[in-house]
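Some notes on the structure that comes next.
The values are calculated or read from the model by the stated rules, or taken from the named source; none is laboratory data. Only a predicted model underlies this, so the values are computations on that prediction, with no experimental measurement involved. Reconstructed Cβ throughout: ideal geometry from the backbone, glycine too, with neighbour counts over all protein chains shown. Calculation scope for accessible area: heavy atoms of the full protein, side chains included, ligands and nucleic acids excluded. Shrake-Rupley method; radii C 1.70, N 1.55, O 1.52, S 1.80 Å.
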Amino acid sequence: MNKDEISMRQIETDYHELKRTLNSYLEKPDLNSLDKVWEYTKLAHTGQKRFSGLPYVSHSLEVANILAKWKLDLDSIIAGLLHDAIEDGGATREDIVKEFGTNVAVLVDGVTKVASIRLRGSNTEEFVENLRKMFLAMAKDLRVVLIKLADRLHNMRTLQYVPKEKQKRIALETVEVFAPLAERLGMGEIKAELEDLAFPYVYEKEFEILKTESSPHYKEAAQHIKKMTRTLLTKLAQEGIRAKIQARKKHLYSLWKKLNRSEIAGDFSKIHDIVAMRIIVSTIPECYTALGLVHSTYKPVPHIGISDFIAQPKPNGYQSIHTKVFGPGGRIVEVQIRTFEMHKQAEYGVAAHWAYSEAKKKGAEEDMLRIGIKAPNKLSWVKQIAEWQNDIRDSDEFLKAVKFDALSKRIFVFSPKGDVYDLPDGATPIDFACSVHTKMCGYIKQAIVNGHIVPLNYHLKSGDVAEIVKTKNLKIPSKDWMKIVATNTARREINKLLK
Ligand code: MN
């Protein structure tokens, strides 16, 4: 066998593994269709190679594998295999529609379109922010963005093979566009991995220095946390709380960013979360009980205080309680407390919700049974599903509340200059005016959308270009506006003016 034949053999084994993974979380996936797609993908990329020297399809397959790890549906997996078939392979959109139907074609097409947006040399923060929002506006189907992220993740994992002159540009784009995108989607783990993969290419020297300098700090902090873990696990058990305690190492890139803050100025002793303690429990009340236990065992650091992101989640949905305490020897340690459910959410973000909703369709009961039979070993993804099933039983309401709402109910409206405004579904030109500038609320004469005058109760759509014609003098709004606006900002401003 020559080298290519050996590679291809390994790839076929990996493909087989993908099918096993799909079987583990999808109900009766149509694997015959998948085989057809696989044969087609290989054909479309015949003779093409990655910079690593491997056949091109190794990339297609890895992207599908990442999506399977996130437990996406079969259409996403298929689109993952085909994602480069149009742009880099020999296929056309018509081929994909004919062979695999419009559902898959829409996804593949979306990924291809997103790929054609480039940074165009501009580097200003605003532009990057706009680009990020454009991504979301364009990708009407969230799965397109997830496929794109999986694509980027694998490209970053294999960046060492890419010619040197391209590496830095790709890494920079990853840090500026894709990592923030992952963060916005609540995919904290993915964001951190993307940043750490890009770090050595974007800031080569700084990376080398930090890697050497930080190593003893990581070790010391980890030992510290080990001691605390024993003490706290005992106390939690005495309260009858089943908890998991982890030492969470801060990712190198985010450590570097923190060290660069002016108030830290490179001083490691000011970083209290280089390794943080993470306590994971089953329910929200247990989070607060755990917090009480932590504070009664180790004195909380005064003035820094606790951040309760459970009571007040971050905009991307992140939930946890963060506190800082004096650990053994007076050393300051950050402790993060969350439920298993919040933990999944923090790692996989919207992808986790996708998996939740898919699993829910299948019926949790049946799954518990299957997992019980199928999970005698330590395969972590099986455990993950098992944990998800538990969460689903406990918090139906929670799921209903968070499932995609954050994204599917947002629209993106442009100003004539191209600025993007992120508004809730149902927003009117009045909401738009207030988000451009709160003061503008009192000067609305007319609204123009896509070049036409529209009534003020017009419902804006993603992609609309909106413009407000202003009055010369302050104009008191009509009381009826309260009934048509969709944002709190607008409501507040109207109220102010009515008084
Ligand atoms: Mn690709």
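Once the Cβ-Cβ distance of LYS299 and LYS69 is raised to the sixth power relative to R0 = 30 Å, the FRET efficiency obtained is 0.15.
Entry comment: accessible area of region 204-347 is 51 Å² per residue, from protein heavy atoms only and a probe of 1.4 Å.
Among the protein heavy atoms of region 409-498, carbon and sulfur supply 52% of the accessible surface, probe 1.4 Å, non-protein parts ignored.
The residues THR92, THR21, THR174, sorted by heavy-atom accessible surface at 1.4 Å with ligands and nucleic acids left out, run THR92, THR21, THR174 from largest to smallest. The share of accessible area on region 182-239 that comes from carbon and sulfur is 51 percent, using a 1.4 angstrom probe. Were the residues from LYS3 through GLU206 laid out at 0.36 nm apart, the gain over their Cα-Cα distance would be 69.3 nm. Taking the centroid of alpha carbons for each part, region 255-325 and region 442-478 are 44 Å apart.
Annotation: extensible slack from ARG169 through LEU474 equals 104.9 nm (criterion: 0.36 nm per residue apart, minus Cα-Cα distance). Viscosity 0.692 mPa s, temperature 37 °C: what is the translational diffusion coefficient of region 204-347 from Stokes-Einstein with a Kirkwood Rh over Cα pairs, rounded to a whole number of µm²/s? Rounded, D is 207 µm²/s. Using a ≥ b ≥ c from the Cα gyration tensor of region 406-499 (square roots of the eigenvalues), is it rounded, prolate or oblate, where a/c under 1.5 gives rounded and otherwise the larger of a/b and b/c decides, a/b for prolate? Judged from the Cα gyration tensor, region 406-499 comes out oblate (a/c at least 1.5, b/c at or above a/b).
In terms of distances greater than 19 angstrom between alpha carbons, the cross-link table entries LYS113/LYS148; LYS36/LYS71; LYS445/LYS475 yield LYS36/LYS71. Would you mind classifying region 454-499 by shape? Square roots of the alpha carbon gyration tensor eigenvalues, ordered a ≥ b ≥ c; an a/c under 1.5 is rounded, otherwise it is prolate if a/b is larger than b/c and oblate if not. Verdict is oblate for region 454-499. Our estimate of slack between GLN48 and LYS244, defined as 0.36 nm per intervening residue step minus the Cα-Cα distance, is 65.9 nm.
For region 8-55, with all protein chains in place and a probe radius of 1.4 Å, 51% of the accessible heavy-atom surface sits on carbon or sulfur.
Given a 1.4 Å probe, how much area per residue of region 409-498 is accessible, in Å²? That works out to 55 Å² per residue.
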